[in-house]
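Data block below; observations after.
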Amino acid sequence: MTGAPSLGGLAATFSTMSLFAIGGANAALPEIHRVAVTLNHWLTEQQFADAFAIAQLSPGPNVLIVTLIGYQAAGLAGALVATVGMCGPSATLAYVVSRMLGRAGQSPWPAIIQAALVPLSIGLMAASGLILALGSDRSVAAMVLTATVAVLAAVTRVNPLWLLLAGGVLGFAGVV
């Protein structure tokens, strides 16, 4: 890990990213990964994958990964600054846009914008999954497990918690 970033640097980084995180922190995961792992070396690939897993398992919003990155980069103050930076600007923008859309009346533009954002969000989530798989799958067995779970999640109605539990059991047993 390189030197700890300034709190202002963390705030600027995550505030900017917040405005491009259409669909939340998971949609911005490729960029969060690039900034935290590749550019700034605040976390290693494995630490990032672990932070993502912890954020997903913890109750609450998926933005917890930003809190964990901020904590790793600059301690408790970094966790707070990164979280506020990631949540503040996008929450403010969402509030302003919702007020404007509320005034749009019967205009077709809100529905058109929402429809256009769906494929963008799906693409960002797919990129997030790919980055996590590339960073954490260290064996052929792990790659096969990841592909199998992705297919099962896409084509069945199996609760993802069961898939997560199965992966955890296989990991604990040393299979992956």
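As a test question: what accessible area, to the nearest 10 Å², does Met17 have when a 1.4 Å probe is rolled over all protein chains in place?
10
Just one of (i) 62, 34, 27; (ii) 85, 38, 27; (iii) 56, 44, 26 is Cα extents along the principal axes in Å calculated from these coordinates, so which is it?
(iii)
Suppose all protein chains stay in the model; what accessible area per residue would a 1.4 Å probe give for the chain, in Å²?
Numbers: 10560 Å² over 176 residues.
On a per-residue basis, the chain sits at 60 Å².
Ignoring ligands, DNA and RNA, what percent of the accessible area of the chain is carbon or sulfur (1.4 Å)? Present the calculation step by step, with values, prior to reporting the outcome.
Values: 7680 of 10560 Å².
That fraction is 73 percent.
Considering the options Val66, Ser90, Gln106, tell which one lies farthest towards the positive end of the dipole of the chain, charges being +1 on Lys and Arg and -1 on Asp and Glu at the Cβ, about the Cα centre.
Gln106
Could you give me the ³J(HN,Hα) list for segment 28-40, computed from phi with Karplus coefficients 6.51, -1.76, 1.60 and θ = phi - 60°, whole Hz, x at Gly and Pro?
8, 4, x, 6, 4, 4, 4, 6, 6, 9, 6, 7, 9
Would you please put 130-141, 115-126, 153-164 in order of how densely packed they are, using the mean number of other Cβ atoms within 10 angstrom per residue and starting with the highest?
Numbers: 130-141: 15.0, 115-126: 12.4, 153-164: 10.6.
Descending mean neighbour count gives 130-141, 115-126, 153-164.
Extension gain Val97-Phe20, at 0.36 nm per residue separation less the Cα-Cα distance, in nm? Intermediate results must be reported in sequence, preceding the final value.
Numbers: separation 77, 0.36 × 77 = 27.72 nm, distance 1.44 nm.
Extra length available between Val97 and Phe20 comes to 26.3 nm.
Given that compact globular proteins tend to follow 2.2 N^0.38 Å, what is the ratio of the alpha-carbon Rg of segment 111-176 to that value?
On the way: Rg = 14.6 Å, N = 66, 2.2 N^0.38 = 10.8 Å.
Here the Cα radius of gyration is 1.35 times the empirical estimate.
The values are calculated or read from the model by the stated rules, or taken from the named source; none is laboratory data. Note that this is a predicted model, so its numbers are computed, not measured. In this analysis, Cβ positions are derived from the backbone assuming ideal geometry, glycine residues included, and neighbour counts consider all displayed protein chains. For accessibility, only protein heavy atoms count, side chains too; no ligands or nucleic acids. Shrake-Rupley method; radii C 1.70, N 1.55, O 1.52, S 1.80 Å.
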